[in-house]
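What follows is a single structure, written as structure tokens, with notes after it.
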Amino acid sequence: MISSIASSSSSSNLNALTSSSGNFSITGNESESTLNIREKQKDALKKMLNLNTPLPMNSTANEPVWKLFIYDRYGQDIVSPLMNIKELREFGVTLHMQLHSDREPIPDVPAVYFVMPNDENIMRICQDFRNHLYDHYHLNFISPISRAKLEELATAALQANCVTNISKIYDQYLNFISLEDDVFILRHSDKDKISFYAINRPANQEPEIESIMDQIVDSLFSFFVTLGVVPIIRTPKGNAAEMVGEKLDKRIRENLRDTKNTVFNGSDIQRLGVSSLSLMFTRPLLIILDRSFDMATPLLHSWTYQSLIHDVLDFKLNQVFIDESNSSNSNDNQKVMKKSKMTAYDLSSQDKFWNQHKCSPFPQVAESIQEKLDSYRSSEEEVKRLKSEMGLDGNIPDSAISLLTDNTHKLNSAINTLPNLLETKRIIDLHTTVASAILEYIKNRKLDVFFEIEEKIIASKGHLDQKSASTPLELIRDPNAGTPEDKMRLFIIYYLHHNFTDAEFEQYAVELRNVGCDLSPIEYVKRCKFLANPASSPVSSSNQNVDSIFQSLGGGTKTVNMFSKLMSQGSQFVMEGVKNLVVKKHTLPITRVTDALMEAKSTPETDEFRYFDPKVLAKAQNLYGEDGGTFGSSSSPSKNPFQDAIVFVVGGGNYIEYQNLVDYCKTKSKSSPKRIIYGSTEISNAQRFLSQLKKLTNEMI
């Protein structure tokens, strides 16, 4: 009988009480990074594929149990960035299929399900029971299954007379997607349901808001169960971030109260003899922010490799899709397109070049690709030389036999070198293709010019000098610069940093309309800026308000001659016409807030942040106060600095913020390192964010 759930946490040791501050991923000292969310989630999947039994110390010691792997679109999104087909094969997966695909009965092989416990999936699993598709069912639910749905499964199993075929039912708590060791998102499929637009729709009713917040909290709860820690939570007041913080605090608190069934098992604390008081200072800090906190950063034109890929190419779940269609010009100079060919390229953590250069400025990436190519050609020539020297480049004469005998070590060296050379060539070809596609966009849209101007706007906090004051307007007027979307992004960024007069605003609006821009996104931004400073007019705002929002945004760029190699004849990249810009490090708003909270600094920006500690017992007579706060959510948090933090953005994040946090951690000394995991409801590029602003404006009317 299916009478109970064997609740399975997604790691072998989910001891929140023994969390360590030295185990996070974004770090300036890689040797100290011994734990990351990507590996934690991957280990949980491996255990699940091992039929929820602990993995042997030597994974190759035993032959795997051959099995089927059945998943829904949510499960596919989770597995895709973590495991490839080869790794699935190593864990005995002979066939992997979508739950809602047409599937034939396959006897004698266990079927491992990995799905969300929604109505549609439960109905399909019940149908599988009735059709007697498999002899052994291992049901793994991404989020906890409700009692009602569990009973529905039990009824279907009884009616189909297949109760004995159901081995176990597990709650896996894996309802999030790990993209990097230190980056996660909550959703890819159905991400519109928890998007910035969905959260901020004017027509939202309270039940809709509650549903969205519950989905976000469910995923964040899964994240901390997988990571095995109970965080201390900080949120600003009066927005979606505060709602998420309250609900997550309540969810963790209620789970901890049930000591027998809590997924945060505290049994190890007694074995280790660690006092709970000391752990108050080593637990990670969870900083939850709302996207409306900073609406300029998602629209910025970036100059780093990963951010550029996400901005101009189709990049999702660590795969970049490039249209490699060939085109030719006919006699009448009209472009004739041949058959379209979209090719997917994996940018995974196993790619050393990607790991090293994803946060590097694009010109530096191009130079590194050229250096790798030169090194590869040199190694290739060396192999050819050895081949020729040993008489292996054609017919082998008798005299070569003795040479071959005398130089066996050279042959072994060549054999050992070839596989590495082939892999190096694959990586070079991959990044050459990606970088070439990016370079075309940079040239065609003058993205280097947009980036340079935006950096000047940020560096000057919107107060451009007399020489540069007209530059944004000139770029908007330039018919050869960018798309209407690029120009709208530039204007919104300038608007958020600069105090426009009515006349200035109208001048820009006229020029934007003349180049085909849809001005609707700016209306929502104007409203948000007005609400941030109600005393100001919808167009003009005080210098004090702008400076308070964008203070400490240093920045700027400088043009240097980085690429003498790239400019040389025979280079793979023709960088002529593209500025060699080097990004000057600056602090984004999210990094500034993170630094203040991690260092326990008192700033006007963070002093009013709410404070939640799920481990602190609430007052018995008032678990949740009238203001929605809890005991412990007072304005007197710990004054001790944090080494570890999870920074989470409700409403969508971006790789620009992630890279800024990486840079922040690198600046910290080894004696006081900072480790940060960056998460968001989704990773959205500027095009998607702009479209959501447009939809919000249309619903305001």
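Order these by the 10 Å Cβ neighbour count, fewest first: Ser602, Ser360. Walk me through the numbers on the way to the answer.
Details: Ser602 8, Ser360 18.
With the sparsest Cβ surroundings first, the list reads Ser602, Ser360.
Tell me which residues come under 5 Å, amide H to amide H, from Gly679 once H is placed; ignore anything under 5 positions away on its chain.
Phe184, Val647, Phe648, Val649
Just list whichever of Lys42/Lys425; Lys456/Lys670; Lys358/Lys526; Lys341/Lys585; Lys358/Lys425 have alpha carbons separated by over 30 Å in the model shown.
Working: Lys42/Lys425 28 Å; Lys456/Lys670 32 Å; Lys358/Lys526 34 Å; Lys341/Lys585 38 Å; Lys358/Lys425 19 Å.
The pairs that break the limit, which is 30 Å between Cα atoms, are Lys456/Lys670; Lys358/Lys526; Lys341/Lys585.
Using a Förster radius of 56 Å, what is the FRET efficiency between Asp214 and Asp108 based on their Cβ-Cβ separation? Nearest 0.05, please.
Numbers: r = 41 Å, r/R0 = 0.73.
That pair, Asp214 with Asp108, gives E of 0.85.
Using the Karplus equation 6.51 cos²θ - 1.76 cosθ + 1.60 (θ = phi - 60°), what ³J(HN,Hα) coupling, rounded to whole Hz, does each residue of region 681-691 give in order, writing x for Gly and Pro?
4, 7, 9, 10, 8, 5, 4, 5, 5, 5, 5
What is the distance, in nm, between label points placed 7 Å from the Cα along the Cα-to-Cβ direction at Thr433 and at Trp66?
Inter-label distance under the simple model: 3.3 nm.
Could you list Val217, Val79, Val109, Val649 so that the one with the fewest beta carbons within 10 Å of its beta carbon is first and the one with the most is last? Walk me through the numbers before you get to the answer.
Working: Val217 20, Val79 24, Val109 15, Val649 27.
Sorted ascending by nearby Cβ count, the order is Val109, Val217, Val79, Val649.
Rounded to a whole number of µm²/s, how large is the Stokes-Einstein D of region 37-176 at 37 °C and 0.692 mPa s, given Rh as the Kirkwood radius over C-alpha pairs?
Values: Rh = 15.3 Å.
It diffuses with D of about 214 µm²/s by this estimate.
Please compute the contact order of region 37-176 in relative form: average sequence separation of alpha-carbon pairs under 8 Å and at least six residues apart, divided by the residue count, as a percent.
Details: 201 pairs, mean separation 31.9, N = 140.
After rounding, I find 23 percent.
Using alpha-carbon positions, what is the distance between the centroids of region 427-471 and region 681-701, in Å?
Region 427-471 and region 681-701 have Cα centres spaced 23 Å from each other.
Starting from the amide H of Tyr170, placed 1.01 Å from N in the peptide plane, find each other amide H under 5 Å away whose residue is 5 or more places distant or on another chain.
Counting only residues 5 or more places away or on other chains, the set is Leu139, Asn140, Phe141.
Across region 167-176, in residue order, what do the Karplus-derived ³J(HN,Hα) couplings come to in whole Hz, using 6.51 cos²θ - 1.76 cosθ + 1.60 with θ = phi - 60° and x for Gly and Pro?
Each residue's phi maps through the Karplus curve to give 6, 8, 10, 10, 8, 9, 6, 10, 7, 7 Hz.
Under 5 Å between amide hydrogens, which residues at least 5 positions from Thr587 or on another chain qualify, with H placed 1.01 Å from N in the peptide plane?
It is Gly554, by chain and number.
How would Val616, Val225 line up from fewest to most surrounding beta-carbon atoms within 10 angstrom?
On the way: Val616 15, Val225 27.
Ranking Val616, Val225 by Cβ neighbours within 10 Å, fewest first, gives Val616, Val225.
Please compute the modelled spin-label separation between Thr53 and Leu95, points set 7 Å along Cα→Cβ, answer in nm with one decimal.
2.3 nm
Hey, what does the equivalent ellipsoid look like for region 149-220, semi-axes from the Cα gyration tensor as sqrt of 5 times each eigenvalue, largest first, whole Å?
Working: eigenvalues 222, 74, 16 Å².
Working through the eigenvalues yields semi-axes of 33, 19, 9 Å.
Assuming R0 = 51 Å, what is the FRET efficiency of Ser378 and Ser189, from their Cβ-Cβ distance, to the nearest 0.05? Before the final figure, lay out the partial values.
Working: r = 46 Å, r/R0 = 0.90.
FRET efficiency, Ser378 to Ser189: 0.65.
Every number here is computed from the coordinates shown, using simple stated rules; none is lab data. This is a predicted model, so every value here is computed, not measured. Note: ideal-geometry Cβ built from the backbone for every residue, glycine included; neighbour counts use all protein chains shown.
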